[in-house]
Amino acid sequence: MKDALIFLIDTFTRLYLLILLLRFWLPIVRANFLNPVAQGVLRYTSPAVVPVRRYVPAIGKLDTATVLVALVIQVLASIVMLVILRGSAFIDSLSSAFLPLIGSALVDLASLSIVMFIVAIALRVIFSLFGRYMGPLSDLLNDLTDPLLQPVRRLIPPLGVIDLSAYIVFILLIALNMAIGDLRPAF
C-alpha cells in the first residue's frame with residue numbers, strides 16, 4: 001500500500017512540476033506564448049504562481065515565483081513521502097533534515113528540467129523521422145530545443161539530411177543529469 005501511495009504522489013507531483021518548469025523555461029528560450037500549448041501551461045500554473053508573484057518579483061527573465069512554487073511543492077512532496085516511508089522517526093528528525101531536503105529538492109528540479117529537455121529533443125527527433133507536424137506541440141518543441149541545438153549545429157553542421165546536433169545534445173544532457181545526480185545530499 002505504501003509503495004502505491006508513494007508512486008501516485010511522486011507521479012502527480014512530477015507531472016505538475018514538469019508543467020511549472022516548462023513555465024519557467026519558456027520565457028528563457030523565448031518561446032511563443034501565443035502557442036495554445038504555452039497558453040495551457042500558463043492556465044494550469046497561474047493559480048499557484050500568480051499569488052506568489054505579488055511578493056516574489058522576477059529577476060530579468062528568471063521567473064523566481066515559479067521556481068519558489070516548484071521548490072515548495074518538491075520539498076512538501078518529499079516530506080510527505082518520507083513520512084509515509086519512515087513514519088514518526090522522520091518527523092522527529094525533520095529539523096535536522098530540512099536543509100538537505102531543500103538541497104535535494106533543488107537537485108531534483110534541475111534534474112527534472114534536464115529530463116524535460118531530453119524528452120523534448122527525443123519527441124522532436126521522432127516527429128521529424130516520421131515527417132509529422134503536430135501543430136502547436138511541434139512549434140513548442142522547436143522553441144524549447146532550438147537554443148540547445150543551434151550552438152551545436154554551428155560547430156557541426158548537418159551532413160545533408162543527417163543532423164547530429166540532437167544526438168550530441170542528448171548525450172551531453174544525459175551526462176549533465178548524471179553529474180547533477182551526484183550532488184544530491186544524503187539524509
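So in the stretch 18-50, with the set limited to residues that are open to solvent by less than 50 Å² (accessible area, probe 1.4 Å) and part of a loop (DSSP other than H, G, I, E, B), which one is nearest to Asp108 (Cα to Cα)? The extreme case among them is Val29.
Within the stretch 1-17, the residues that satisfy the criterion of being assigned to a helix (DSSP H, G or I) and open to solvent by 60 Å² or more (accessible area, probe 1.4 Å) are Lys2, Asp3, Leu5, Phe7, Leu8, Phe12, Arg14, Leu15, Tyr16.
Being assigned to a loop (DSSP other than H, G, I, E, B), out of contact with any Gly (no Cβ under 6 Å at 6 or more places or on another chain), modelled with pLDDT of 90 or more and open to solvent by less than 50 Å² (accessible area, probe 1.4 Å): is that true of Val56 here? For Val56, the condition - assigned to a loop (DSSP other than H, G, I, E, B), out of contact with any Gly (no Cβ under 6 Å at 6 or more places or on another chain), modelled with pLDDT of 90 or more and open to solvent by less than 50 Å² (accessible area, probe 1.4 Å) - is met.
Taking residues in the stretch 119-138 that are in contact (Cβ under 8 Å) with a residue 40 or more places away in the chain, and partners anywhere that are open to solvent by 70 Å² or more (accessible area, probe 1.4 Å), the pairs with Cβ atoms closer than 7 Å and at least 6 places apart or on different chains are Pro136/Pro36.
Determine if the stretch 85-95 includes at least one residue that is in contact with a Phe, Trp or Tyr (Cβ under 9 Å, 6 or more places away or on another chain) and either open to solvent by less than 20 Å² (accessible area, probe 1.4 Å) or at pLDDT 90 or above (or both). No - not one qualifying residue is present in the stretch 85-95. Residues that are open to solvent by 50 Å² or more (accessible area, probe 1.4 Å) and either touching a strand residue (DSSP E or B) at 6+ places or on another chain (Cβ under 8 Å) or on the phi > 0 side of the Ramachandran plot (or both) within the stretch 127-180 comprise Gly131, Gly160, listed in sequence order.
Residues in the stretch 36-55 that are over 25 Å from Met134 (Cβ atoms) and out of contact with any Asp or Glu (no Cβ under 9 Å at 6 or more places or on another chain): 7 in all.
The values are calculated or read from the model by the stated rules, or taken from the named source; none is laboratory data. It should be emphasised that the depicted structure is a prediction, and the values quoted were computed from it without experimental measurement. Here Cβ is always computed from backbone atoms with ideal geometry, including for glycine, and neighbour counts include all displayed protein chains. Side chains are part of the model used for accessible areas, which takes the heavy atoms of the whole protein and leaves out ligands, DNA and RNA. Shrake-Rupley method; radii C 1.70, N 1.55, O 1.52, S 1.80 Å.
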